[in-house]
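Visitor: Once you've had a glance at the structure underneath, I'll fire off some questions.
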Amino acid sequence: MDYVIEMLNITKEFPGIIANDNITLQVKKGEIHALLGENGAGKSTLMSVLFGLYIPEKGTIKVRGKEVKIYNPNAANDLGIGMVHQHFKLVHNFSVLENIVLGVETVKNGFLKMDEAKKKIIALSKQYNLRVEPDAIIEDISVGMQQRVEILKMLYRENDILIFDEPTAVLTPQEIDELMKIMKRLVEEGKSIIFITHKLNEIKQVADRVSVLRKGKYIGTVDVASTSKEEMSEMMVGRKVVFEINKNEANIGDTILSVKNLSINSKVHGKSAVNNVSFDLRKGEILCVAGIEGNGQTELVYALTGLLPVDGGDIFYKEENITHKSIRFRNSTGISHIPEDRHKHGLVLDFTLAENLVLQTYFLNQYQKFGFIDFKSRLKNAELMINQYDIRSGEGPITYVRSMSGGNQQKAIVAREVEKDPDVIIAVQPTRGLDVGAIEYIHNQLINQRDMGRAVLLISLELSEVLGISDRIVVMYEGEIVGDVNPSEVTQQELGLYMSGSKRGVGYEHK
Amino acid sequence: MNISKLLNNRSFKSVSASIIVILLGLMVGYLILLISNPRQATDGFIIILKGGFNGGLRGVGNMLHNSMPIILTGLSVGFAFKTGLFNIGASGQFILGAFAAIYIGVRWTFIPIEFLWIVALFGSIVAGALWGAISGILKAYRNVNEVITSIMLNYIGMYLVNFLVVNTVFDLTRNQSISPIRAYLPRAGMNILFPFSSVNVGFIIAVVVAILMYIILEKTTFGFELKAVGYNREASRYAGINEKKSIILSMMIAGALAGLGGGLLYLSSTGKHIEVVDILASEGFNGIPVALLGLSNPLGIIFAGLFVGHMNMGGFYMQRLRFVPEVIDIMIAIIIYFSALSLAFKSFIETMARKLRGKTL
């Protein structure tokens, strides 16, 4: 048996939750071993155990056949284990070179000797084809290059067991392709890679074997080549997952939200963030605003929900002009908002789940009497929603939301926004960073809402999502609407042309 | 089984962490006594532990009186902290409250004597609230950090009060404010419970106000809004809460609490006067450790204030021995340093709880 890493029967508990329950992971030398699981399945915990960030209650770890105890990341480093974290651990105002040598600087008489380090880094970056500029400052370089710096950090420390924690979540499609090439190259040079992900395409593309975790338990290890995507996702979710989205014909009703000549000045540059935008949203349809990030979608949503003042134009909701109405007026009269950034806008992380579920309704008579909170009805509301929307957490209604997984945080927001019985739901990238099971769940919720006659405005960057669930698409480019297309008639390529500004639809020509 | 249940209780974890911290602080304090005066260290330590009880009921009464202003400034800091603001300006708010109370007590002779102290206290609340509101408005509308503005307002407040005292209620012969004899606080029977001590209705007011603050923060929708804004301003805005109003109200309440503390202390018949000197009121700053030790919980702050008052009385009685009075300040400071570690102790207790639970399972 030629395993570089063996984690045998690992158990790690947190208050109220067993994050890893008797998990075994065996990685062969020179393979890319994928670790697959939904959010909260225990992947990150398991890797933190291997990296010395957590000490497991039970189980043994063997590195190259020898049993070891890993008490801190330095010990892991000494064993040749390196990790690229999901959120990079870089010093933003240091140069690439300084970040790479940080902690293992070459020193002569107490002075830094950077020249040798620089040579070594340039050699490494050539050997593995990792393009970096050693003297650039981290905050000036792209996310893709920052990731390559993280990889070089591991190589510089002569690590040969490399952990990648969801490395593709922050990358563009081109950068993902490049990363895949780099990973293959690393394995050719004799490194072993543990690749944490929940994206099946990427596993199919690069991994040799895959171990699957579900709800803290070990499900099994299989060869990637002989296993289909459907089989893998069934192992991960515990049931069959439908990749195709099934939905009935839309039953479109009257216009409920109408935007007329809306303009918003940009805070960043002199131009308009949103420029003379008009569209109608009708009952019973999912209208998708597609576009590349930063083309005015965020500002448009802020204007609709009242977070940002409007500089020109009007918004009509149920034929009432709400352009200058308060946020509370809008969110208490039937406009729901699933925000883009669930940590910034959607949740108060240091409040409990029960408190977050009444974040916009706490003042209703149902939840208070003469200004005093009715704790019983608040708790009842939380229990109801937790059951109905299957929100999982360590301690139920009294769980602090900060300690919940991303998918369940998003479920809590969706539950809160849908349960308000809204007429309009504005969902901004509602599936960002979520796993297959949660994405399927959220798509079904949105389609259900549509079938109930509610209007859904979906803002999304994922083309497959845009084409999969919407009934109508408008494309935004540089703050303007450049096209209005039917998803069943448009191809991904054509949509791409609209999104990059190279094509404009009929009636949306340059003025 | 019961022990593990207790160890898992959230509030128990917080309280026991505070207690462990105090015990460790006392131990290190004892070491310092040993270093500064080895022969009397044990005697001195016992005096400190006995605190107000050294002087019988009179000592206890004085201890209560001593803790009254710092409970209120502690509440001021703690309330702001619970709502995400760091009010370092309790000192300025405190002294403005004190001035307003004295001014009304001395000059508003048209008010019947039975009501004068009540009106004077309201004056101190309003003055403190207005002073706090300045920081709140700057934070809400211009996003100026409240730490900076409130520190500056401490000095502005001190000089302003010096100026106002000299021009309105000045006792030239003693270089201090005139005694507001007509507005002295009633004793409310406290002088019967604790004969010959300084304690008066002020202590009762402080405790009632603390309970009131607890109810506002934990039981009302108003408190829910203030806390939501404190934890996440953007999410509160998204939820439709008027976050600017919340920030200003938080600072006003914090200021009102400190101002009330000033009013209560300077309306006591203990010969406390505003002296025209360039020194910030120390009660304002002592509120910060009290709030820390009380974990910003209004009820915890009552006990933290009593504890610090108790220690102060111990320091007072310790002067019988040959100790420098600063030693007691050092001891309190050490306890505060340890209280910064209380989070570490909290996680220690959590580990203990888990181990115990593992065994009982």
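The values are calculated or read from the model by the stated rules, or taken from the named source; none is laboratory data. Just so you know, these numbers come straight off a predicted model, no measurement behind them. Note that we place each Cβ from the backbone using ideal geometry, even for glycine, and neighbour counts take in every protein chain shown.
Visitor: Which of the residues that make up region B:52-85 are under 12 Å from residue B:301 (Cβ atoms) and among the aromatic types (Phe, Trp, Tyr)?
Guide: B:79, B:81
Visitor: Consider residue A:53 carefully, then state whether it is surrounded by fewer than 21 Cβ atoms within 10 Å (Cβ to Cβ), without any contact (Cβ under 8 Å) to a residue 24 or more places away in the chain and of a type outside the set (Lys, Arg).
Guide: yes
Visitor: Kindly provide the set of residues from region B:293-309 that are surrounded by 22 or more Cβ atoms within 10 Å (Cβ to Cβ) and assigned to a helix (DSSP H, G or I), ordered by number.
Guide: B:293, B:298, B:300, B:301, B:302, B:304, B:305, B:306, B:308, B:309
Visitor: Would you point out the residue of region A:309-339, among those that are among the basic types (Lys, Arg) and under 30 Å from residue A:400 (Cβ atoms), that is farthest from the other protein chains (Cβ to nearest Cβ)?
Guide: Checked region A:309-339; the qualifying residue farthest from the other protein chains (Cβ to nearest Cβ) is A:330.
Visitor: Out of (1) in the same structural domain as residue B:118 (by TED's automatic domain parsing); (2) at pLDDT 80 or above, what's the single condition that is false for residue B:271?
Guide: Exception for residue B:271: condition (2).
Visitor: So, one more: Do you know which of the residues in region A:6-65 that are of a type in the set (D, E, K, R) and closer than 16 Å to residue A:79 by Cβ is farthest from the other protein chains (Cβ to nearest Cβ)?
Guide: So the residue we want is A:29.
Visitor: Further, regarding this structure: Answer yes or no as to whether residue A:140 is out of contact with any helix residue (DSSP H, G or I) (no Cβ under 8 Å at 6 or more places or on another chain) and not aromatic (Phe, Trp, Tyr).
Guide: Against the criterion (out of contact with any helix residue (DSSP H, G or I) (no Cβ under 8 Å at 6 or more places or on another chain) and not aromatic (Phe, Trp, Tyr)), residue A:140 qualifies.
Visitor: What are the residue pairs meeting all of these: first residue in region A:370-392, first residue touching a residue at least 60 places away in the same chain (Cβ under 8 Å), second residue of a type outside the set (D, E, K, R), Cβ atoms under 8 Å, and 6 or more apart or on different chains?
Guide: From residues that are touching a residue at least 60 places away in the same chain (Cβ under 8 Å), the pairs are A:392/A:40; A:392/A:404; A:392/A:405; A:392/A:408.
Visitor: Ok, one more. Just to be sure before I move on: is residue A:342 more than 7 Å from every other protein chain (Cβ to nearest Cβ), under 30 Å from residue B:216 (Cα atoms), surrounded by 18 or more Cβ atoms within 10 Å (Cβ to Cβ) and at pLDDT below 90 in the structure I sent?
Guide: Against the criterion (more than 7 Å from every other protein chain (Cβ to nearest Cβ), under 30 Å from residue B:216 (Cα atoms), surrounded by 18 or more Cβ atoms within 10 Å (Cβ to Cβ) and at pLDDT below 90), residue A:342 qualifies.
Residue-wise test of (1) closer than 24 Å to residue B:65 by Cα; (2) modelled with pLDDT under 80; (3) crowded, with 19+ Cβ neighbours inside 10 Å; (4) of a type in the set (Ser, Thr, Tyr).
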{"site": "B:312", "(1), (2), (3), (4)": "yes, no, yes, no"}
{"site": "B:315", "(1), (2), (3), (4)": "yes, no, yes, no"}
{"site": "B:318", "(1), (2), (3), (4)": "yes, no, yes, no"}
{"site": "B:322", "(1), (2), (3), (4)": "no, yes, no, no"}
{"site": "B:325", "(1), (2), (3), (4)": "yes, yes, no, no"}
{"site": "B:335", "(1), (2), (3), (4)": "yes, yes, yes, no"}
{"site": "B:341", "(1), (2), (3), (4)": "no, yes, no, no"}
{"site": "B:344", "(1), (2), (3), (4)": "no, yes, no, no"}
{"site": "B:348", "(1), (2), (3), (4)": "no, yes, no, no"}
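Residue-by-condition table, conditions (1) within 14 Å of chain A (Cβ to nearest Cβ); (2) of a type in the set (D, E, K, R); (3) more than 30 Å from residue A:416 (Cα to Cα); (4) touching a residue at least 60 places away in the same chain (Cβ under 8 Å):
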position: B:193; (1), (2), (3), (4): no, no, yes, yes
position: B:198; (1), (2), (3), (4): no, no, yes, yes
position: B:215; (1), (2), (3), (4): yes, no, no, no
position: B:230; (1), (2), (3), (4): yes, no, no, yes
position: B:242; (1), (2), (3), (4): yes, no, no, no
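Visitor: Tell me, yes or no, whether region A:108-125 has at least one residue that is under 26 Å from the mean Cα position of the chain (by Cα), crowded, with 16+ Cβ neighbours inside 10 Å and not polar (S, T, N, Q).
Guide: No; the residues of region A:108-125 include none that is under 26 Å from the mean Cα position of the chain (by Cα), crowded, with 16+ Cβ neighbours inside 10 Å and not polar (S, T, N, Q).
Visitor: Something else: Only one residue in A:260, A:247, A:283, A:240 is without any contact (Cβ under 8 Å) to a residue 12 or more places away in the chain and over 26 Å from residue A:83 (Cβ atoms). Which one?
Guide: It is A:240.
Rundown of residues vs (1) among the aliphatic types (A, V, I, L, M); (2) more than 25 Å from residue B:240 (Cα to Cα), yes/no style:
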residue	(1), (2)
A:232	yes, yes
A:240	no, yes
A:245	yes, yes
A:261	no, yes
A:284	no, yes
A:297	no, no
A:301	yes, no
A:305	no, no
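Visitor: Could you list all residues from region A:345-356 that are within 7 Å of another protein chain (Cβ to nearest Cβ), of a type in the set (A, V, I, L, M, F, W, C) and buried (at least 22 other Cβ atoms within 10 Å of the Cβ)?
Guide: If the condition is that a residue be within 7 Å of another protein chain (Cβ to nearest Cβ), of a type in the set (A, V, I, L, M, F, W, C) and buried (at least 22 other Cβ atoms within 10 Å of the Cβ), then A:347, A:348 are the ones that fit.
Visitor: Can you name the number of the only condition in (1) among the polar types (S, T, N, Q); (2) surrounded by fewer than 16 Cβ atoms within 10 Å (Cβ to Cβ); (3) over 30 Å from residue A:300 (Cβ atoms) that residue A:248 fails?
Guide: Condition (3) is where residue A:248 drops out.
Conditions tested, residue by residue: (1) surrounded by 16 or more Cβ atoms within 10 Å (Cβ to Cβ); (2) at pLDDT 95 or above; (3) in a helix (DSSP H, G or I).
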{"position": "B:121", "(1), (2), (3)": "yes, yes, yes"}
{"position": "B:132", "(1), (2), (3)": "yes, yes, yes"}
{"position": "B:179", "(1), (2), (3)": "yes, no, no"}
{"position": "B:185", "(1), (2), (3)": "yes, no, no"}
{"position": "B:211", "(1), (2), (3)": "no, yes, yes"}
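Visitor: Just one of A:409, A:366 is touching an Asp or Glu at 6+ places or on another chain (Cβ under 9 Å), polar (S, T, N, Q) and more than 9 Å from chain B (Cβ to nearest Cβ); which is it?
Guide: After applying the criteria, what remains is A:366.
Visitor: Residues of region A:182-206 being aliphatic (A, V, I, L, M) and within 20 Å of residue A:130 (Cα to Cα), which ones?
Guide: Scanning region A:182-206 gives A:182, A:183, A:186, A:187, A:193, A:194, A:206.
Visitor: I would also like to ask the following. Among the numbered criteria (1) more than 19 Å from residue A:146 (Cα to Cα); (2) surrounded by 13 or more Cβ atoms within 10 Å (Cβ to Cβ); (3) in contact with a strand residue (DSSP E or B) (Cβ under 8 Å, 6 or more places away or on another chain), which one does residue A:254 miss?
Guide: The one condition residue A:254 does not meet is (2).
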